[in-house]
Amino acid sequence: MDTFAGIPAAAPGFYAELEQNNNREWWLENKPRYESLVREPLTALLAQLEPRFGPAKIFRPNRDVRFSPDKAPYKTAQGAVASFQEGVGYYVQLSADGLLVGGGCHTSSPAQLTRFRNSVDASGTGESLEQIIRRVSEAGFTVEGERLKTVPRGFPREHPRAELLKYKSLSAGRELGEPDWLSTPAAAEEVARLWEQLRPLVEWVGRHAAP
C-alpha cells in the first residue's frame, strides 16, 4: 500500500468534468485519472486511519440505474466508510465541491428504531445524546438523517426530546471544500481530528441504534 501523500488538487476537477460528461466513453478514457486522483489516494488515506477508526470500504463508482429515471451511469462523488460496526461508522466523500466528512448510523430496522427511541426517551441516555448533538453542532457539523414529520406513536408530542425521537437514522456531516491541507499528508490527521469530534455520536448510535 502506498503511503498517503494527500488528495491531489485536481481530484475535485475530475468530478466537475464527470458531471458534464457522465457517459461510458468518457469514463473509460479517463479511468486512469480516476484511479490516480481519487481511488488510490482515498485507499491510502483509509488504510492509514484504519487502526483508529476501523476497516474501510470504498463504494463502487457505478450507479444502480435499474429503477431510476436518471440513467447517468457513474456517481458524481466518491464515498467511503470506515466501519465502527455494521451500519455505523465514519464517512468521507470527494466530489466537485471538495471534501466532506461525517459519521453516524445510516441503516435502521424496526428493532433498531425501537432501541433508538427507547434510549432517546430515557432521561440518562437521551440527555447524553442531546449534549453530544449540541457539541457536534457547535463544532460545525450538520446533524441530519431520515425523519418523521411527527413524533412517533407511543410518545407524547410535548416530549422534551421530541425532535430527536423523529429520527429514523442519525448522522452528522461537514463540508470542507478544498482546504489548503487537502493535497498534503496533513489531510490524514485533519480527517482524523474531525472524525474524533464525531466519535461520541458514532459510539452512542453504535450502542443504542446498531443491529
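The values are calculated or read from the model by the stated rules, or taken from the named source; none is laboratory data. Computed from a prediction, not measured in an experiment: that's the story for all the values here. A quick note on method: Cβ atoms are made from the backbone with ideal geometry, for glycine too, and the neighbour counts reach across all protein chains shown. Just the protein is used for accessible areas: all its heavy atoms, side chains included, with ligands, DNA and RNA removed. Shrake-Rupley method; radii C 1.70, N 1.55, O 1.52, S 1.80 Å.
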Where in segment 1-99 are there helices (runs of 4 or more DSSP H), lying fully within it, with 1 or more residues that are free of Cβ contacts under 8 Å to residues at least 60 places away in the same chain and within 24 Å of A192 (Cβ to Cβ)? 40-53
For R174, indicate whether it is at pLDDT 95 or above and open to solvent by 60 Å² or more (accessible area, probe 1.4 Å). yes
Being assigned to a helix (DSSP H, G or I), open to solvent by less than 40 Å² (accessible area, probe 1.4 Å) and under 20 Å from F53 (Cβ atoms) is the requirement here; does W181 meet it? no
Could you please tell me which pairs satisfy a Cβ distance under 8 Å, a separation of 6+ or placement on different chains, a first residue in segment 162-173 that is charged (D, E, K, R), and a second residue that is open to solvent by 20 Å² or more (accessible area, probe 1.4 Å) and not in a loop (DSSP other than H, G, I, E, B)? K166/R147; K168/L113; K168/R147
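Can you name the residue in segment 185-195 that is of a type outside the set (A, V, I, L, M) and surrounded by 16 or more Cβ atoms within 10 Å (Cβ to Cβ) and is also farthest from the chain's Cα centre (by Cα) among such residues? Spell out how you get there, then give the answer.
Step one: of segment 185-195, the residues of a type outside the set (A, V, I, L, M) are 185, 189-190, 193, 195.
Right, trim to surrounded by 16 or more Cβ atoms within 10 Å (Cβ to Cβ) and you get 190, 195.
Details: E190: 15, W195: 10 Å.
Of everything passing the filter in segment 185-195, E190 is farthest from the chain's Cα centre (by Cα).
Being touching a helix residue (DSSP H, G or I) at 6+ places or on another chain (Cβ under 9 Å), hydrophobic (A, V, I, L, M, F, W, C) and open to solvent by less than 30 Å² (accessible area, probe 1.4 Å) is the requirement here; does L148 meet it?
Details: touching a helix residue (DSSP H, G or I) at 6+ places or on another chain (Cβ under 9 Å): yes; hydrophobic (A, V, I, L, M, F, W, C): yes; open to solvent by less than 30 Å² (accessible area, probe 1.4 Å): no.
No, not satisfied.
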When you scan segment 1-15, how many residues do you find that are surrounded by 15 or more Cβ atoms within 10 Å (Cβ to Cβ) and closer than 14 Å to T76 by Cα? 4
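Picking from S137, S128, which residue would you name as being more than 17 Å from G89 (Cα to Cα), polar (S, T, N, Q), modelled with pLDDT of 95 or more and open to solvent by 50 Å² or more (accessible area, probe 1.4 Å)? Break it down stepwise before answering.
Details: S128 fails: open to solvent by 50 Å² or more (accessible area, probe 1.4 Å).
Just a single option satisfies the conditions, and that option is S137.
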Take V202 and decide whether it is assigned to a helix (DSSP H, G or I), farther than 25 Å from L45 by Cβ, touching a Gly at 6+ places or on another chain (Cβ under 6 Å) and not acidic (D, E). no
It is to be established whether one or more residues within segment 88-110 are at pLDDT below 95, hydrophobic (A, V, I, L, M, F, W, C), within 30 Å of F14 (Cα to Cα) and surrounded by 22 or more Cβ atoms within 10 Å (Cβ to Cβ). yes
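Could you list, in sequence order, all residues of segment 189-211 that are more than 17 Å from N118 (Cα to Cα) and not β-branched (V, I, T)? Lay out the reasoning, then the answer.
First, pick out the residues of segment 189-211 that are more than 17 Å from N118 (Cα to Cα): 189-200, 202.
Those that are more than 17 Å from N118 (Cα to Cα) and not β-branched (V, I, T): E189, E190, A192, R193, L194, W195, E196, Q197, L198, R199, P200.
Go over the candidates L198, L165 one by one and state the one that is open to solvent by less than 20 Å² (accessible area, probe 1.4 Å), touching a strand residue (DSSP E or B) at 6+ places or on another chain (Cβ under 8 Å) and not basic (K, R).
Working: L165 fails: touching a strand residue (DSSP E or B) at 6+ places or on another chain (Cβ under 8 Å).
From the options L198, L165, the qualifying one is L198.
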Pairs only if they're at least six apart or on different chains, beta carbon under 8 angstrom, first in segment 181-193 and without any contact (Cβ under 8 Å) to a residue 60 or more places away in the chain, second open to solvent by 10 Å² or more (accessible area, probe 1.4 Å) and of a type in the set (F, W, Y); list them, first residue then second. E190/W181
